[in-house]
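The structure appears below as structure tokens.
The values are calculated or read from the model by the stated rules, or taken from the named source; none is laboratory data. None of these values were measured; they are calculated from a predicted model. Heads up, the Cβs are rebuilt from the backbone with ideal geometry, glycines too, and the neighbour counts pull from every protein chain shown.
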Amino acid sequence: MTDTEAYVPPKIWTWNKESGGRFANINRPIAGATHEKDLPVGRHPLQLYSLATPNGVKVTVLLEELLEAGHSGAEYDAWLIRIGDGDQFGSGFVAANPNSKIPALFDRSGAEPVRIFESGAILLYLAEKFGAFVPTDPAQRAECLSWLFWQMGSAPYLGGGFGHFYAYAPYKIEYAIDRFAMEVKRQLDVLDRRLADNEYLAGADYTIADMAVWPWYGALAKGLVYEAGEFLQVQDYKHVQRWTDQIAARPAARRGRMVNRITGDPASQLHERHDASDFTTETQDKLQPAS
């Protein structure tokens, strides 16, 4: 099928072939587990099951920031979920997140484990649990949560929209790429205008709103996702660039970005995290953490 051929949808859609593209092997129109597999449980109350996609990085950045701020109760085990291999369809993971998407978190600090799924929900849960990185003033809290939910609503246009059609689709469709490139540039402009007058998204303070947006739009601003920096002229968004660099300089953000990472420079990868000392081990140990 070419960009100019007309597609006439059938009266009833049926799943009779793979959709094509990079993630075709894990895409399906039904939910539920495909195989039995229990989730491992480590020694800390917080058990994270994730991968260092932007949605996964949000949570590990917050956990590392909480630990950096002295919240010892935020110690956690981060277990690797290889979504390309279908780990998210194991029975244990589906019990943690019926939507079969990373990340998923169990808080085992109480009498009964509490499961939390969806990255924004995990950020808010942890911020409220530890009383950190979410404002208590009603107006400031509303601003923080508005930007948090802005990210949750906007990122599908960046990832599943622009990213899919620009980088992963089996063939290029001009209309789809143009449509989503326009929206992504509009979103970058929204951020740039906000950051022109504010150090961080919620105002003067660094919050979970920044931690949610940075792994997506900060990476985009530095040309680290989809190799689309030149195409989108990301350097034009000066305030987004300043904000991105400011967060990237934070030690906790740098550590958080490493956790559950399986791509890029081997020295930047920490496949699993079970203790703060894991960051200081030799590279070969990071690539094959102890079970």
Residues in segment 22-39: is at least one under 18 Å from H274 (Cβ atoms) and modelled with pLDDT of 95 or more?
yes
Over segment 128-160, the set of residues charged (D, E, K, R), over 27 Å from E183 (Cα atoms) and touching a Gly at 6+ places or on another chain (Cβ under 9 Å) is K129
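Yes/no per residue for (1) buried (at least 16 other Cβ atoms within 10 Å of the Cβ); (2) within 25 Å of S146 (Cβ to Cβ); (3) in contact (Cβ under 8 Å) with a residue 60 or more places away in the chain:
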site	(1), (2), (3)
P215	yes, yes, yes
L232	yes, yes, no
Q241	yes, yes, no
A249	no, no, no
Helices (runs of 4 or more DSSP H) wholly inside segment 43-140 that include at least 2 residues being hydroxyl-bearing (S, T, Y) and modelled with pLDDT of 95 or more
119-130
Looking only at segment 121-176, filter to residues that are of a type in the set (S, T, N, Q) and either under 27 Å from L67 (Cα atoms) or in contact with a Pro (Cβ under 6 Å, 6 or more places away or on another chain) (or both); which one of those is surrounded by the fewest Cβ atoms within 10 Å (Cβ to Cβ)?
T136
Give me the helices (runs of 4 or more DSSP H) completely within segment 159-270, filtered to those with at least 3 residues that are at negative phi and hydrophobic (A, V, I, L, M, F, W, C), ordered by residue number.
174-196, 208-213, 238-248, 251-258
Considering only segment 251-279, state which residues are touching a strand residue (DSSP E or B) at 6+ places or on another chain (Cβ under 7 Å) and among the acidic types (D, E).
E272, D278
Given the residues D107, D205, which is the only one that is in contact with a helix residue (DSSP H, G or I) (Cβ under 9 Å, 6 or more places away or on another chain), under 29 Å from G86 (Cβ atoms) and of a type in the set (D, E)?
D107
Within the set of pairs 6+ apart or on separate chains, which have a first residue in segment 132-160 that is under 29 Å from A228 (Cα atoms) and in contact (Cβ under 8 Å) with a residue 60 or more places away in the chain, a second that is part of a helix (DSSP H, G or I) and among the basic types (K, R), and C-beta atoms under 9 Å apart?
W147/R194; Q151/K58
Residue hits (segment 188-213; among the hydrophobic types (A, V, I, L, M, F, W, C), over 23 Å from E118 (Cβ atoms) and crowded, with 16+ Cβ neighbours inside 10 Å) are L188, L195
Would you check if R28 is free of Cβ contacts under 8 Å to residues at least 60 places away in the same chain and not aromatic (F, W, Y)?
yes
Has segment 275-291 got at least one residue that is modelled with pLDDT of 95 or more, buried (at least 19 other Cβ atoms within 10 Å of the Cβ), part of a helix (DSSP H, G or I) and of a type outside the set (S, T, N, Q)?
yes
